[in-house]
Amino acid sequence: MPYSAPATGGNTALYAEIQQFYAHQMHLLDGGDADAWAQTFTPDGVFAANAHPQPAVGRETIRAAASKVKAQHAEEGLQVRHWLGMMDITEQPDGSVLARTYALIINTPRGGQAAVSLSTTCDDLLVRDENGAWLVADRKVVRDDLR
Amino acid sequence: MPYSAPATGGNTALYAEIQQFYAHQMHLLDGGDADAWAQTFTPDGVFAANAHPQPAVGRETIRAAASKVKAQHAEEGLQVRHWLGMMDITEQPDGSVLARTYALIINTPRGGQAAVSLSTTCDDLLVRDENGAWLVADRKVVRDDLR
Amino acid sequence: MPYSAPATGGNTALYAEIQQFYAHQMHLLDGGDADAWAQTFTPDGVFAANAHPQPAVGRETIRAAASKVKAQHAEEGLQVRHWLGMMDITEQPDGSVLARTYALIINTPRGGQAAVSLSTTCDDLLVRDENGAWLVADRKVVRDDLR
């Protein structure tokens with residue numbers, strides 16, 4: 001199959017479905033709902049980042065990390081927005097999806113100037129739960145400044 | 001229904017349709033076509049923002065506001081781009097759609113440096129007109145710096 | 001047909017398909033794969049920009065230009081990300097697609113601060129190759145600072 005063929009293999013409904021998943025997931029994170037955020041990962045989900053010495057593994061660890069960061073932002077009066085985009089997906093034979101995206105983190109201090117904080121890539125392995133909803137089984141975030 | 005289920009309820013065609021609507025709408029705004037922009041709202045459409053003391057109500061008010069802002073930007077030699085993204089939609093029983101997005105406003109002065117101007121959220125109630133085209137019935141924009 | 005009707009004419013699968021194409025294309029460019037990048041244009045594809053005195057025509061010219069720019073970025077320790085968004089598409093009777101997008105170029109120096117580098121528009125004529133994959137037949141990039 002030529003490299004330029006749609007990675008979705010004609011499954012374009014999947015593309016919108018995963019865009020919707022990411023939007024919802026990031027609204028949860030930026031809205032400070034750490035519990036619901038953690039539930040968008042599999043129970044043994046992995047969140048790795050080149051900015052962190054070790055990956056966070058499992059929902060409770062992922063929840064606690066998000067909760068801590070959110071508390072810091074609240075103290076600093078900072079509203080953070082995670083934009084995921086340029087989503088390149090590949091459906092795998094077992095129904096899981098590899099999703100490669102760019103992420104842009106936009107910070108706005110209360111009463112201050114919005115600005116780009118970070119540019120990263122985000123490589124996810126997505127799987128469906130028993131109800132068909134998408135979950136992140138494995139996420140790898142690479143900050144462009146730390147490459 | 002679990003929170004992580006696709007908010008589109010399987011209606012993934014809707015997701016792309018509304019992305020296309022927003023893209024077209026923002027091209028009209030940033031291109032300075034205030035008349036066509038106003039027509040993307042219902043006749044009694046509401047545009048509220050936490051930066052404005054009062055909402056703009058109705059197409060003529062919405063048109064006049066866009067026209068005034070565009071004239072200012074032209075005078076300042078400023079090209080403004082409205083990016084909507086991270087779109088989280090919910091289809092309602094009556095066929096209307098709640099669309100929660102992030103907006104990023106990028107300003108470029110003539111001969112100058114492009115930069116993020118504002119980060120906001122944008123919560124819309126979208127309805128179809130008699131031809132099936134989407135219109136904004138109610139928009140609420142909240143600037144992150146003014147939260 | 002009213003201006004606000006979906007430009008896709010109900011062909012919402014097409015919208016996701018082209019989003020996927022652009023994501024893949026930009027990952028190739030930003031990843032430095034100039035060969036594969038050039039193959040996303042038609043053999044006689046045209047890349048014109050208001051920042052360039054002359055358009056680049058043909059895959060080899062397009063490849064060489066991307067390769068040169070990538071080498072510069074590598075030397076400067078710069079990671080560049082091309083975001084395309086706000087995609088407004090129109091399917092033409094012959095099956096080709098006009099795609100009008102906004103582009104945002106985000107630069108991150110190694111160990112430094114990510115920032116918006118440029119805001120542009122990107123107007124493409126897209127055609128299918130013999131396998132149904134999308135190719136850019138004609139691209140016109142207009143930098144907002146040079147309008």
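The values are calculated or read from the model by the stated rules, or taken from the named source; none is laboratory data. Here the structure is a predicted model, which means the values were calculated and not measured. No Cβ is skipped: glycine too gets one built from the backbone with ideal geometry, and neighbour counts run over all protein chains shown. Just the protein is used for accessible areas: all its heavy atoms, side chains included, with ligands, DNA and RNA removed. Shrake-Rupley method; radii C 1.70, N 1.55, O 1.52, S 1.80 Å.
Overview of values
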item: Out of B:ALA23, B:ALA48, B:ALA56, B:ALA36, sole residue that is within 14 Å of chain A (Cβ to nearest Cβ), at negative phi and open to solvent by less than 40 Å² (accessible area, probe 1.4 Å); result: B:ALA23
item: The one condition in (1) open to solvent by less than 10 Å² (accessible area, probe 1.4 Å); (2) farther than 15 Å from B:ALA48 by Cβ that B:PRO109 fails to fulfil; result: (1)
item: Any pair with Cβ under 9 angstrom, 6 or more apart, that starts in region A:60-79 at a residue that is of a type in the set (Asp, Glu) and ends at one that is not in a helix (DSSP H, G or I); result: A:GLU76/A:PRO109; A:GLU76/A:ARG110
item: Selection from region B:80-92 of residues that are in contact (Cβ under 8 Å) with a residue 40 or more places away in the chain and open to solvent by less than 30 Å² (accessible area, probe 1.4 Å); result: B:VAL80, B:ARG81, B:TRP83, B:LEU84, B:MET87, B:ASP88, B:ILE89
item: Close pairs (8 angstrom Cβ cut-off, 6 or more residues apart or separate chains): over 11 Å from B:ASP129 (Cβ atoms) in region B:38-54, of a type in the set (Phe, Trp, Tyr) anywhere; result: B:PHE47/B:PHE41
item: Test: A:GLY85 is farther than 25 Å from C:MET86 by Cβ and either among the small types (Gly, Ala, Ser) or more than 9 Å from chain B (Cβ to nearest Cβ) (or both); result: no
item: Filtered residues of region C:128-143 (kept if open to solvent by 40 Å² or more (accessible area, probe 1.4 Å) and either in contact with a Gly (Cβ under 8 Å, 6 or more places away or on another chain) or at the interface with another protein chain (Cβ under 10 Å from one of its Cβ atoms) (or both)); result: C:ARG128, C:GLU130, C:ASN131, C:ASP138, C:ARG143
item: Index of the failed condition, B:ALA64 passing every other in (1) small (Gly, Ala, Ser); (2) within 15 Å of the chain's Cα centre (by Cα); (3) open to solvent by 30 Å² or more (accessible area, probe 1.4 Å); result: (2)
item: C:ARG147 being touching a residue at least 40 places away in the same chain (Cβ under 8 Å) and within 18 Å of C:TRP83 (Cα to Cα); result: no
item: Members of region A:88-102 that are of a type outside the set (Val, Ile, Thr), more than 8 Å from every other protein chain (Cβ to nearest Cβ) and touching a helix residue (DSSP H, G or I) at 6+ places or on another chain (Cβ under 9 Å); result: A:GLU91, A:ALA99
item: Single match in B:ALA49, B:ALA38, B:ALA13 (criterion: within 30 Å of A:LEU29 (Cα to Cα), among the small types (Gly, Ala, Ser) and within 13 Å of the chain's Cα centre (by Cα)); result: B:ALA49
